[in-house]
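What follows is a set of notes on a single structure, which appears directly below.
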Number of protein chains: 2
Amino acid sequence: MSSTANPLVFALILAGGAGTRFWPASRAGRPKQLLPLVGHEPLIAQTAARILPLVDWERLYVATGKHLVEGTAAALPELYAENTLVEPAARNTAPCIGWAAFHVARKNPDAVLMVLPSDHHIRDVEAFCDAVRRAVASAASGTITTIGIRPTHPETGYGYIELENEAAGGEVCLAKRFVEKPDHERAKLFVAGGRHLWNAGMFFFRARDMVEAIRAHLPALAEGLDAIDRAAEEGDEIAAVERIFPGLPSISIDHGVMDHLARFAVVPGDFGWSDVGSFQTAWELEGKDAMENAAPEGSVLVDARRNLVLDLRAGAGGAKRVIALVGVEDLVVVETDDALLVVPRARAQDVKDVVALLRARGDSRLV
Amino acid sequence: MSSTANPLVFALILAGGAGTRFWPASRAGRPKQLLPLVGHEPLIAQTAARILPLVDWERLYVATGKHLVEGTAAALPELYAENTLVEPAARNTAPCIGWAAFHVARKNPDAVLMVLPSDHHIRDVEAFCDAVRRAVASAASGTITTIGIRPTHPETGYGYIELENEAAGGEVCLAKRFVEKPDHERAKLFVAGGRHLWNAGMFFFRARDMVEAIRAHLPALAEGLDAIDRAAEEGDEIAAVERIFPGLPSISIDHGVMDHLARFAVVPGDFGWSDVGSFQTAWELEGKDAMENAAPEGSVLVDARRNLVLDLRAGAGGAKRVIALVGVEDLVVVETDDALLVVPRARAQDVKDVVALLRARGDSRLV
């Protein structure tokens, strides 16, 4: 077993995905992680900034889709081009995490790889980094580890991680199993019981441990990744990925690997985590004025309350288009170069209907 | 007395003025008459189009301010450049109407000049033209004539014209006097009595009659206009106007001339007139969909009701920026190249607060 003192740490940020919940801010080619939904930087840039105290750019990887390479590079100008793992097709999380694990294992099988979603918000970065350090140490000792979020309410939209025992302080706990999204009653029991944490999709492992786990539980995936590995050694990785990746089993790391492990560890996290699931959440997290408006500097707000204004025009920084809200409450107003949305905050989930309407209209440019 | 059969008819459209009630649509350099507040054409273009069956471009004049010459020309591309009477300073209506009257009298003292505001909306153009024809005939017979609007409600925002007798059908009536804006009680009496019409600022007269009236009642103005006349004959009108106009008495034609006439005529008008005084009125007049939204074609309206959307971006015709309203009611949404306004229809008058705020901020570019 390798030393756990100062493991070499790599990171993989998962940045595929699409979504219609943030239209017109989000588009097929500009999903949530590329947007400054909370704060001034795209969520993926905030994700990278959070872990840069722990990982160099040299060892920071991003997995994304072909159509997002350009946008991702724009959001992360310091990202090494060769550290972008371009998935030719979306195959869920196991193939791209496996790809990164095999890749890192070739360099250093004892190195620790952390896998993080790109589009979450974390309020207390210090506390997050503490949890990451503990998770890395746990992983370096040979145990595949996750960070689980202490639930603040009986959320039915997330999966949970059940612990063997009730979690106390910031220690590393033994996990029992992953639990699918519960109904409200079960979610309430989970929160009351203290043995369930939200699954935030963060994984920490030595490269060798994940390679071994994939060989054991996803042999078809291992076979494909071995072939990519061999091609990479011959300097032909891109063509091999292009050929092999679309045929890999499409499965999540949760179901494909974690569910089959005899044991894995969980670090309970308590750092103001959010998956920024809606405009409503963005408004809650964003800095607000005395009237609880979250709006760009320079906006003119006259007797306006609890509104969220997002100006995502490309020239937004330079162009001086003023946004004036007079006497309106609880609205979401989103500006992009080619669209304007006005919707009550409480009905923001209905923007999916707009996307459906535009699709039906054949207006694919706007979705 | 000249023949009333086929008088030569000139028109003067009054197109000065500014206003903050339609911000951000209206600006100092883009007042109400230059905006397509109802329909697709600027209100001044609709005004010109209404009277073109009766007046050639050759005899159609527009009085406006220096800063509006360019915008006016853009809204009326067929307007003869030499038919733009550029007021070097705003001196209310008597000086510019007088200027036009003296100008036309030089050409043909028996010609009839009609004076019309540029920024009103008229629903029934046929009925309006009928009224104009009657007013022109009345003027040609030597009586200064107005068109008065049959009041539909006890409006306290307009002046009234009192008739000698109750107005019957479409005949020409004798006026008794102009009445200032009444309070609500008096306005109710006016509507009930049938002897009061709204003063819509429309005047019809032979050039010689107005020249004579100005000589009689506004001698200082007559003196200035005579000097401009002499300069015009020497081909030096522009410099003379520049020099003389700012010193002319600043007074309305109502107070300066009409109030002093021994008699004048009124043609009662009943053609769906509106001065388009607010976004609320614009919404009432504009064509609406089944949910009572007035919005540009291509807008995406999901469960949205009774909203007014105005897209006044310069590139609005070409650029395909989609405006999506979801689940909102009774809003005004106005887009220009440099501003966006969202305000409840019922509070649209509060946009003046935005203008005040921008002024206080020193953001004069936006007001």
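The values are calculated or read from the model by the stated rules, or taken from the named source; none is laboratory data. This structure is a prediction, so every number in the text was calculated from the model and none was measured. Ideal geometry is used to build each Cβ from the backbone, glycine not excepted, and the neighbour counts take in all protein chains shown. Calculation scope for accessible area: heavy atoms of the full protein, side chains included, ligands and nucleic acids excluded. Shrake-Rupley method; radii C 1.70, N 1.55, O 1.52, S 1.80 Å.
Within segment A:270-311, the set of residues being open to solvent by less than 40 Å² (accessible area, probe 1.4 Å), assigned to a strand (DSSP E or B) and either among the aromatic types (Phe, Trp, Tyr) or in contact with a Leu (Cβ under 8 Å, 6 or more places away or on another chain) (or both) comprises A:273, A:274, A:294, A:300, A:302, A:308, A:309, A:310.
State all residues of segment A:308-326 that are under 20 Å from residue A:283 (Cα atoms) and more than 7 Å from every other protein chain (Cβ to nearest Cβ); if no residue qualifies, say none. Hits for segment A:308-326 are A:308, A:309, A:310, A:311, A:312, A:313, A:316. For segment B:246-267, a residue qualifies if it is assigned to a loop (DSSP other than H, G, I, E, B) and buried (at least 22 other Cβ atoms within 10 Å of the Cβ), and the qualifying residues are B:248, B:257, B:264.
State whether one or more residues within segment A:14-23 are assigned to a helix (DSSP H, G or I) and under 15 Å from the mean Cα position of the chain (by Cα). The answer is no; no qualifying residue exists. Comparison of A:181, A:188 shows that the only residue that is open to solvent by 20 Å² or more (accessible area, probe 1.4 Å), of a type outside the set (A, V, I, L, M, F, W, C), part of a helix (DSSP H, G or I) and within 26 Å of residue A:122 (Cα to Cα) is A:188. Residues in segment B:142-155 that are farther than 20 Å from residue B:208 by Cβ and in contact (Cβ under 8 Å) with a residue 60 or more places away in the chain were compared, and the one that is surrounded by the fewest Cβ atoms within 10 Å (Cβ to Cβ) is B:150. Among what's in segment B:350-367 and is more than 9 Å from every other protein chain (Cβ to nearest Cβ) and surrounded by 15 or more Cβ atoms within 10 Å (Cβ to Cβ), pick the residue that is nearest to residue B:330 (Cα to Cα). Filtering segment B:350-367 for residues that are more than 9 Å from every other protein chain (Cβ to nearest Cβ) and surrounded by 15 or more Cβ atoms within 10 Å (Cβ to Cβ), the one nearest to residue B:330 (Cα to Cα) comes out as B:352. Just so you know, in segment B:332-349 the residues that are in a strand (DSSP E or B) and within 7 Å of another protein chain (Cβ to nearest Cβ) include one that is most open to solvent (accessible area, probe 1.4 Å), and it is B:344.
Of the numbered criteria (1) at pLDDT 90 or above; (2) open to solvent by 40 Å² or more (accessible area, probe 1.4 Å); (3) at the interface with chain B (Cβ under 9 Å from one of its Cβ atoms), the one residue A:329 fails is (3). Inspect all residues belonging to segment A:119-141 and state whether any of them is small (Gly, Ala, Ser), surrounded by fewer than 15 Cβ atoms within 10 Å (Cβ to Cβ) and more than 30 Å from residue A:224 (Cβ to Cβ). No - not one qualifying residue is present in segment A:119-141. On inspection, residue B:267 fails the criterion of being out of contact with any Phe, Trp or Tyr (no Cβ under 7 Å at 6 or more places or on another chain), farther than 30 Å from residue B:131 by Cα and touching a residue at least 24 places away in the same chain (Cβ under 8 Å). Among residues of segment A:29-40 that are part of a loop (DSSP other than H, G, I, E, B), those with a beta-carbon under 6 Å from a residue that is open to solvent by 30 Å² or more (accessible area, probe 1.4 Å) at least six positions away or on a different chain give the pairs A:29/A:67; A:31/A:17; A:31/A:18; A:31/A:19; A:38/A:285; A:38/A:286. Could you check, for segment A:283-291, whether at least one of its residues is more than 30 Å from residue A:126 (Cα to Cα), free of Cβ contacts under 8 Å to residues at least 40 places away in the same chain and more than 14 Å from chain B (Cβ to nearest Cβ)? Scanning segment A:283-291 turns up no residue that is more than 30 Å from residue A:126 (Cα to Cα), free of Cβ contacts under 8 Å to residues at least 40 places away in the same chain and more than 14 Å from chain B (Cβ to nearest Cβ). The set of residues in segment A:128-175 that are within 21 Å of the chain's Cα centre (by Cα) and among the β-branched types (Val, Ile, Thr) comprises A:132, A:136, A:144, A:145, A:146, A:147, A:149, A:152, A:156, A:161. Anything in segment B:350-367 that is in a helix (DSSP H, G or I) and either in contact (Cβ under 8 Å) with a residue 60 or more places away in the chain or of a type outside the set (Lys, Arg) (or both)? List them, or say none. B:350, B:351, B:352, B:353, B:354, B:355, B:356, B:357, B:358, B:360, B:364, B:366 - these are the residues of segment B:350-367 that are in a helix (DSSP H, G or I) and either in contact (Cβ under 8 Å) with a residue 60 or more places away in the chain or of a type outside the set (Lys, Arg) (or both). Entry remark, segment B:87-123: residues being out of contact with any Phe, Trp or Tyr (no Cβ under 9 Å at 6 or more places or on another chain) and aliphatic (A, V, I, L, M) number 3 in total. Does segment B:316-326 hold any residues that are surrounded by 16 or more Cβ atoms within 10 Å (Cβ to Cβ) and not hydrophobic (A, V, I, L, M, F, W, C), and which are they? Once the filter is applied, which keeps residues that are surrounded by 16 or more Cβ atoms within 10 Å (Cβ to Cβ) and not hydrophobic (A, V, I, L, M, F, W, C), segment B:316-326 yields only B:321. The condition of being surrounded by 15 or more Cβ atoms within 10 Å (Cβ to Cβ) and out of contact with any Gly (no Cβ under 6 Å at 6 or more places or on another chain) holds for only one of B:207, B:239, B:220, that being B:207.
For (1) within 30 Å of residue A:145 (Cβ to Cβ); (2) more than 25 Å from the chain's Cα centre (by Cα), each residue gets a yes or a no:
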position: A:246; (1), (2): no, no
position: A:255; (1), (2): yes, no
position: A:261; (1), (2): yes, no
position: A:288; (1), (2): no, no
position: A:295; (1), (2): no, no
position: A:325; (1), (2): no, yes
position: A:329; (1), (2): no, yes
position: A:340; (1), (2): no, yes
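Residue check: residue A:144 meets all listed conditions (1) of a type outside the set (Gly, Ala, Ser); (2) touching an Asp or Glu at 6+ places or on another chain (Cβ under 7 Å); (3) over 24 Å from residue A:102 (Cα atoms) but one, namely (3).
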